[in-house]
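Reviewing the structure listed below.
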Amino acid sequence: MITSACSFTVFYNIYIFITAIIMKSLIISLAIGIAAIPLSAQPKREVRAVWLTTNSGLDWPAGETSPSRQKQAMIKILDRLAAANFNTIIFQAQVKGDVAWESSYQPTMRWITGNGSVNMSYDVSRFVIDECHKRNMECHAWIVPYRIGSATEAGKYAANPRKHVYITHPQLCKKSGSEYYLDPGNPDVRSYLLDVYSELISNYDFDGVNFDYTRYPSTDGLPDDDTYAAYNPDGLPRGDWRRQNINTFISEFYEMAKSINPDIKVGAAPIGCYKNLPGYSNMTAYGVYQDACQWMKSGNHDLLVPQMYWNEKYGFSPHMNTWINNCDGRQLVVGIAPYKMVDNTNDWDPEVIYDQIDKIRAKQGMSGVCFFRTEHVIGTHEKEIALYNKLQNEYFKYPAHIPTMDYNGVTTPDKPQNVTQEYVNGQYQIKWDAPTDTDIKYYSVYLCDGNTVDTNNPDKVASHIVKDNHFTYSSDNPDLTFAVTAFDKGYFESAPAIASEAGVDDMYAAPTVFRFCNQTIEIECAKEIDRVEIYATTGLQVKLTAIGASSAFIDCATLSKGLYIVRTIYSDGGVDVNKILR
């Protein structure tokens, strides 16, 4: 026993020494610019979104009024985005008191019908939602609560059976410049808007809503002396009162939305600068009474997509840090501006966009990126083509799952049952049964490395999303092994179930499964584990966990970031060695 222990110690020290040399080499390579792991290495989970604009028909329907051609155009747009692994569409369902859903409150936007006097001949929002879901994309309704346009624009709907709100509720409207706005200080405005949006959420399975222009039009606000006098019982200063008006509406909306659909994501696209930092003088969200950080901190928002349409000259990175520091653990997606590549004022190089994606991915607490707007991602300008190709072939080369909302509660779906694989004529037929106690959204299929499953390596994904209980994989290699995981409606992933020829559950017959995900080591095997030891690359033992069972869950959240060696010691004396990167 002493000889065996000494032999292992010598072997282990050699292993640590070699690993340390490799890590040192990687660090040197990074220092001289030959990065082994690029800064923008693709995350497993990431929101990849576009704003799809209907205002003035900019992205869609682009002047087309034929329903069949509108549908064809939308399908073409979504196919292009799906081919580049986008997973979220923020579809503009409301412009200026006109909408793209079957509403009893507001008329169909004339950009769809071509004529403000008529309403839609097909259910546009239902069509867009269905087409997004066919492509495994989330679809969020982009809504604009307060801005309702000019009197001339409202007059376009004079002959419509559903009158414009400027006509039906003039007492709710205030004028600023040439346009009208619903007055956030009037409680009747909140009641009206909650009725409008309650109908939307009740009748459509949008995955989320995305508020736009949920603010006052400028620092001057609106001519609201009357409502300020009538509806300010606490005697707040005008600015604080205006912010409170919008905060109250957001709070009431969130409660209403979640009562109808607890799974819907409530989000917004505020002005990209919350408050100015020293050295900058941008227009700010807070300055126009849009306290978006309060929406997050109060728990009345799930997703924030600030419109950060600047380069570093105007403080892209420091302002992004402000949002990160104030999002309170909620999802933060950065809105960026490829349109500035092709406008005459800015003429950005595509490298500005690539650099911003790199910076977003490098920050802790980020959930993804959103592009304004769709045309400038899939357009025909040479810079747009370059951007699309770069996204498709590099940045978004592999598909990404939607990030989880852990603050709503972490769930652990059961894994698929009775996973089998059969190799016939160059094809693997992989089949499984659904977990019995979990509502599953979809499955992922992975290639195994011997007896381990690396679910974080995109190269090992055989199929990103499978909605059936079977999958076919073509290969001339007859020695592959597959594993299947299940995702619940919150996008939480189960442990992997390894396929077997016999079809018995891998919990009892499959070799060891080792998985590191969400700062937790998960181990499953067919024999009893005595203990799990974790070592730093210096050879120092940093964690020891006694197990006494055939599965283990080891919390590694307290470990510092770095590479670790994990030794699984079985009760029969066997040992497995794996590495994790914390």
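Only one of the listed residues (Asp414, Asp406) is surrounded by 16 or more Cβ atoms within 10 Å (Cβ to Cβ) and under 25 Å from the mean Cα position of the chain (by Cα). That residue is Asp414.
Hey, can you tell me all the residues within the stretch 417-473 that are of a type in the set (Val, Ile, Thr) and either in a loop (DSSP other than H, G, I, E, B) or more than 23 Å from the chain's Cα centre (by Cα) (or both)?
Val419, Thr420, Val424, Ile430, Thr436, Thr438, Thr452, Val453, Thr455, Thr472
Annotation: Thr538 fulfils all but one of (1) of a type outside the set (A, V, I, L, M); (2) at pLDDT below 90; (3) in contact with a strand residue (DSSP E or B) (Cβ under 9 Å, 6 or more places away or on another chain); the unmet one is (3). Only residues that are in a helix (DSSP H, G or I), more than 22 Å from the chain's Cα centre (by Cα) and either surrounded by fewer than 18 Cβ atoms within 10 Å (Cβ to Cβ) or without any contact (Cβ under 8 Å) to a residue 40 or more places away in the chain (or both) were counted in the stretch 58-82, giving 7. Screening Glu493, Glu528 for residues that are at pLDDT below 90 and of a type in the set (D, E, K, R) leaves exactly one candidate, Glu528. Taken over the stretch 366-403, the criterion of being assigned to a loop (DSSP other than H, G, I, E, B) and under 20 Å from the mean Cα position of the chain (by Cα) is satisfied by Met366, Ser367, Phe372, Arg373, Thr374, Phe396, Lys397, Tyr398, Pro399, Ala400, Ile402, Pro403. Pairing each residue of the stretch 562-579 that is hydrophobic (A, V, I, L, M, F, W, C) with any residue that is part of a loop (DSSP other than H, G, I, E, B), provided the two are 6+ apart or on different chains, yields C-beta distances under 8 Å for Leu563/Thr537; Leu563/Arg582; Ile565/Thr537. Put simply, of Ile324, Ile260, Ile264 the only residue that is in contact with a helix residue (DSSP H, G or I) (Cβ under 6 Å, 6 or more places away or on another chain), surrounded by fewer than 16 Cβ atoms within 10 Å (Cβ to Cβ), at pLDDT 95 or above and over 22 Å from Pro217 (Cβ atoms) is Ile260. Does at least one position in the stretch 558-576 carry a residue that is more than 25 Å from Gln364 (Cα to Cα), buried (at least 16 other Cβ atoms within 10 Å of the Cβ) and at pLDDT 90 or above? There is no residue in the stretch 558-576 that is more than 25 Å from Gln364 (Cα to Cα), buried (at least 16 other Cβ atoms within 10 Å of the Cβ) and at pLDDT 90 or above.
One line per residue, one yes/no per condition, for (1) more than 20 Å from Asn55 (Cα to Cα); (2) without any contact (Cβ under 8 Å) to a residue 40 or more places away in the chain; (3) out of contact with any helix residue (DSSP H, G or I) (no Cβ under 8 Å at 6 or more places or on another chain):
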{"residue": "Gly155", "(1), (2), (3)": "no, yes, yes"}
{"residue": "Cys173", "(1), (2), (3)": "yes, yes, no"}
{"residue": "Gly185", "(1), (2), (3)": "yes, no, no"}
{"residue": "Thr227", "(1), (2), (3)": "yes, no, yes"}
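Every residue, every condition in (1) in a loop (DSSP other than H, G, I, E, B); (2) touching a residue at least 12 places away in the same chain (Cβ under 8 Å); (3) over 21 Å from His140 (Cα atoms), yes or no:
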| site | (1), (2), (3) |
| --- | --- |
| Tyr280 | yes, yes, yes |
| Pro318 | no, yes, yes |
| Asp328 | yes, yes, yes |
| Val334 | no, yes, no |
| Trp348 | yes, yes, yes |
| Val352 | no, yes, yes |
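For the stretch 209-229, name all the residues that are surrounded by fewer than 22 Cβ atoms within 10 Å (Cβ to Cβ) and under 22 Å from Pro270 (Cα atoms). Matches in the stretch 209-229: Tyr213, Pro217, Ser218, Thr219, Asp220. State whether one or more residues within the stretch 275-282 are crowded, with 22+ Cβ neighbours inside 10 Å and in contact with a Phe, Trp or Tyr (Cβ under 9 Å, 6 or more places away or on another chain). No, there is no match, as no residue in the stretch 275-282 is crowded, with 22+ Cβ neighbours inside 10 Å and in contact with a Phe, Trp or Tyr (Cβ under 9 Å, 6 or more places away or on another chain).
The values are calculated or read from the model by the stated rules, or taken from the named source; none is laboratory data. No experiment lies behind these values; they were computed from the predicted model shown. With ideal geometry, Cβ positions are generated from the backbone for all residues, glycine too; neighbour counts draw on all protein chains shown.
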